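Taken together, the values in this text are just the output of simple stated rules run on the coordinates, not laboratory data. Everything quoted here is computed from the prediction, not taken from an experiment. Here the Cβ positions follow ideal geometry from the backbone for every residue, glycine too, while neighbour counts run over all protein chains shown.
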Amino acid sequence: MRVMIFLLLLVTAPASAAWTQQQLAEFAQNSTLQFSVQSNQLHAPSRFSAAITLQNNSAHALPAGEADWQIYFHLIRRIEPAQQQGLQIEHVQGDLHRIRPIAGFAGLKPAQQFTLAFESAPWMVSYSDFMPRAFIAFAKLQAEVFANTDTEDFSQFVLPLNTPQQQLRSLGEPDQVPVVDAALRFSHNAQLNSTRISDDVSTRIIPTPLRAEFGKRRIMLDASWQIHFSGRLTQEAKYLQQQLQQMGLALSGSSAAADKKTSVITLQIDSSLAVNAEGYQLDISDKAISITGKDNAGAFYAVQSLLALLQQQDNKLLLPAGKITDQPRATWRGMHYDMARNFHGKEVTLRLIDNMARYKLNKLHLHLTEDEGWRLEIPGLPELTDIGARRCFDLTEQRCLLTQLGTGPHADGSGNGYYSTADFIEILQYAAERHIEVIPEIDLPGHARAAIVAMKARYNRLTAAGQPQAASQYLLSDPNDSSSYLSVQNYNDNSANVCLPSTYAFVDKVVYELQQMYRQAGIKLNIFHMGGDEVAEGSWLGSAACQQLFSDPDNGVTGVADLKPYFVSRLADITQQRGLALAGWEDGLMYDRQNTFNRSQFANERVIANAWDNIWEWGVGDRAYRLANSGYQVILSPGTHLYFDHPHEANPAERGYYWATRFSSIDKVFGFMPDNLYANADTTRSGALITDLEALVGREMPALKQAENILGVQGQVWSETIRTAEQLEQMIYPRLLALAERAWHKASWEANNNSIQRSQDWQRFALRLSQVELGRLAANNSSFYLPPPGVKLSAEQLQVNTALPFLTTECSTDQGQNWQPCPEAAPAQPATLWLRSRLGNTVSRTVIPGLVP
């Protein structure tokens, strides 16, 4: 890789004495480190050029020569090592890089700067590709963060991305995904809302029921009502009482016979009800509200529908008279949450459970471990959280993991933390009360760096204490492993060694402790998710332990290609003995893009696969069907539609990665069709329309032969670029509601992908979303994303619109100091006009007509 290093305003500065902590702090406080993308349109496809500039605004000169200072920064793309004119730039691990002086560095006096220009791959077209909290280390001093990078405001340390060369990717073909500006957004919004629907949002709940009939009569719910319930529905009745209490209505509840003169909400079970499991019937009339569930979950979902129908008017709670008969489309209606990359705290997890329950989602897949963090306390293995749950600047990694993902050098930086066992038990109980099953994921053998480092630290501690046998008990790495590899996320040491008996002792220990936590919560652990994805090619090639395994013919392992199915078989045995189903990401259950592991070699009655990697032009979009046809149970988790860490729109100001699709808007999630996977093949990553999938792939796409093995759908949020709870919720909501709609309800337009019917259905959904559901999210203290407004600006007139109906659009002519509501059409405004959307106290990001943001 060609790297050019330019030194601007070079000076000859003698080496100085070591700095004091105060001098280092002053340098970091006053100097600035800035990043810029030069071009994503280089001659070589899928490469970009960029630069890093250090401006010395302090009173202190960086020493010349091989001084003992280093500048560390977080960057998602790996920079190849290079040196020129006295500076070395190099990759450390993961997203962490550093700049250090070598012989020939001339120093950097006050008011001077240097710029390092580099190339890497594949692209950087988003501000969130850059991570905050770059820092400088000097000898044994405490590292100091550059103040201008100690922020979530990217404009402080990333120069604007406002040219086509900066905004458009090079994929070997033109990037056909247009970068959304205010004018294009106006056009898209107009098309999205072209079919105007007049709908009664008070009875159009989300997700849409199977059948619903309502009259115009409204029934008032007041203190004269009572709640009557059968004994097995005590928890569901208590939940209803609590929710009504929060709305200002306190109702008594009893399992005893109700007074016939009293208006009664009755909760009951009727297993003969003509609906599927989790189905229900809800009848609302003047003196009686009847909630009948096929089972307890069905009764709970009827409660959710009742709460969704409640309207507060003039301090009164009103309900429409009518009847709902309902059942879910899919048995698995899931949400995956990665708090391992960046930990966001228990409270946001509980809010996620609340909102999942409200919209009838029933599976919470917790991604508890990663390269960048281990987020669950495991009794007996304190290093997993003492070290694995904290990132800081410790190159020995005996106190913490090496800092990643914008945490910076200090242990109190963003993303650190974990669930205690008490926290996790509370989460399990909270979810169970809301009929949500929590699926724990311990990601192995790849993505395991936090565990590997923690167990090395444990090994060192016990070895120093003279306990060598205990030290090796849970070791995940082979000290005699010379394997050379690099993972997708740029780690060279994140694969747990599958040839070590201690790896399986570790798994068994963790699974045992998980089961104990579930038992303490009064819940049965049913599924253990092993992860299994993205194991770096080259792992274990140089492992002495693996060579020994290969030499024993009784193991049935001949070479490295046998190691992944060997690992899954060992985990299958462990989980089967503990009465558990085994789950994993699709590539963890496949030899290659088309061939699954032999299902019969795994002992579990159920082996579940999350099918996620569906880049259509790569020919992997059929993996879900291949796995289902091979006997695996499959959860549709496609990156192109259901990855909520992808941007809301194709704009550099939108947060998120974009490996599967340049954007995933609310309406795109809404339009996902679970029952016809190939019908979702709309465009390639470059944005080219797909008219013939088999022609694009160059082979026949297999049909789904065992439809019963498709369990349902699941949304995913990965948190590499998500450092705060507010950012997390803005990525999840309101896309989670569109996920819930598709998971619970099959729309009529899905059968033939009827665009007119879909547009009408979207309008009804969007009306309810903006007029009711976003307010309910706000009432639950949840943040959410508001689409910014579209703008049509001419010399005579300003017009604005929004993707969701009934949002307020606000204008500012003084750079955001004061905001006023914008009419839909108004005289043209000055070029300094700023605009944003508003709903209640929530506002969108600001847009400026004529500029991309």
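Would you kindly calculate the mean projected area, averaged across all directions, of the convex hull enclosing the Cα atoms of the stretch 156-265, in square nanometres? The orientation-averaged projected area of the Cα hull of the stretch 156-265 comes to 15.7 nm². Across the stretch 332-746, the fraction of Cα-Cα pairs farther apart than 38 Å, rounded to a whole number, is 17%. As a test of the formula, what do you get for the chain when each DSSP H run with n ≥ 4 contributes -39,500 (n - 2.57) and the sum is divided by the residue count, at 222 nm and rounded to the nearest 500 deg cm²/dmol? Only helices count here, giving -7000 deg cm²/dmol.
Here the Debye sum runs over all C-alpha atoms of the stretch 562-612 as equal scatterers in vacuum, and log10 of I(q)/I(0) at q = 0.14, 0.19, 0.30, 0.32 Å⁻¹ comes out as -0.30, -0.56, -1.28, -1.38.
Please give the Cα centre distance for the stretch 188-204 versus the stretch 244-305, rounded to the nearest Å. Their Cα centres are 32 Å away from one another. Post the alpha-carbon centroid distance, the stretch 605-651 to the stretch 306-342, in whole angstrom. The two parts, judged by their Cα centres, are 26 Å apart. Farthest towards the positive end of the charge dipole of the chain, among the residues Leu767, Gln473, Thr369, is the Cα of Leu767, using unit charges on the Cβ of Lys, Arg, Asp and Glu. Ignoring aspartates and glutamates fewer than eight residues from Lys216 along the same chain, the ones with Cα atoms less than 19 angstrom from its Cα are Asp199, Asp200, Asp283, Asp286, Asp314. Rounded to the nearest 20 debye, the dipole magnitude of the stretch 4-167 is 220 debye, with +1 charges on Lys and Arg beta carbons, -1 on Asp and Glu beta carbons, and the Cα centre as origin.
Listed peptides 699-711, 616-628 appear in the order 616-628, 699-711 once ranked by packing, highest mean of other Cβ atoms within 10 Å at the front. Couplings 3J(HN,Hα) of the stretch 367-381, computed from phi: 8, 8, 9, 7, 4, 9, x, 10, 10, 9, 5, 10, x, x, 10 Hz, in residue order, whole Hz [Karplus 6.51 cos²θ - 1.76 cosθ + 1.60, θ = phi - 60°; x for Gly and Pro]. Cross-link partners for Lys238 among the lysines, with Cα-Cα distance under 28 Å and sequence neighbours closer than 8 places in the same chain left out: Lys260, Lys261, Lys287, Lys294, Lys316, Lys323, Lys346, Lys360, Lys363, Lys524. Restricting the stretch 266-336 to trypsin sites (Lys or Arg not before Pro) that sit in a DSSP loop and have at most 12 other Cβ atoms within 10 Å of their own Cβ leaves Lys287. The calculated FRET efficiency for the pair Asp199 and Ser230, based on their C-beta separation and a Förster distance of 35 Å, comes to about 0.45.
Think of the stretch 643-704 as a dipole: +1 on every Lys or Arg Cβ, -1 on every Asp or Glu Cβ, centred on the Cα centre; then among Thr691, Ala660, Phe670, Ala660 lies furthest on the positive end. Which FRET efficiency value, to the nearest 0.05, do you get for Gln313 and Gln757 by plugging their Cβ-Cβ distance into 1/(1 + (r/R0)^6) with R0 = 25 Å? Computed FRET efficiency for Gln313 and Gln757: 0.20.
Alpha carbon centre of the stretch 767-805 versus the stretch 153-177: separation in Å? A separation of 26 Å, based on Cα centres. Entry note, the chain: relative contact order of 12 percent, from Cα contacts under 8 Å with a spacing of 6+ residues.
Dipole magnitude for the stretch 211-326: about 260 debye, using +1 per Lys or Arg Cβ and -1 per Asp or Glu Cβ, origin at the Cα centre.
Over the stretch 448-569, the hull volume per residue, using the convex hull of the C-alpha atoms, is 131 Å³. Within the stretch 4-167, all pairs of alpha-carbon atoms sorted by distance into 10 Å bins from zero give the percentages 11, 41, 36, 12, 1.
The magnitude of the dipole of the chain, with charges of +1 and -1 set on the Cβ of Lys/Arg and Asp/Glu and taken from the Cα centre, is near 1660 debye.
A simple rule links phi to the HN-Hα coupling: the Karplus curve 6.51 cos²θ - 1.76 cosθ + 1.60 with θ = phi - 60°, which for the stretch 141-156 gives 6, 6, 4, 10, 7, 4, 4, 6, 9, 8, 6, 9, 8, 4, 5, 6 Hz, with x for Gly and Pro.
For the stretch 648-661, backbone phi angles converted through the Karplus equation (6.51, -1.76, 1.60; θ = phi - 60°) give residue-by-residue couplings of 6, 8, 7, 8, x, 7, 7, 6, x, 7, 8, 6, 8, 7 Hz, Gly and Pro being listed as x. Shape class for the stretch 115-154: oblate, because the ratio a/c of the largest to smallest gyration tensor axis (alpha-carbon atoms, square roots of eigenvalues) is 1.5 or more and b/c is at least a/b.
Compute the Cα gyration tensor for the stretch 211-326, then decide on rounded, prolate or oblate, letting a ≥ b ≥ c be the square roots of its eigenvalues: rounded whenever a/c is under 1.5, prolate when a/b is larger than b/c in the other cases, and oblate in all that remain.
On the way: a/c = 1.60, a/b = 1.20, b/c = 1.34.
Note, shape of the stretch 211-326 comes out oblate.
Give the residue from Pro565, Asn680, Gln398 lying farthest towards the positive end of the charge dipole for the stretch 332-746; charges sit on Cβ (+1 for Lys and Arg, -1 for Asp and Glu) and the dipole is referred to the Cα centre. Going by the charge dipole, the pick is Asn680.
Treating r as the C-beta distance of Lys216 and Asn492 and R0 as 56 Å, the FRET efficiency rounds to 0.25.
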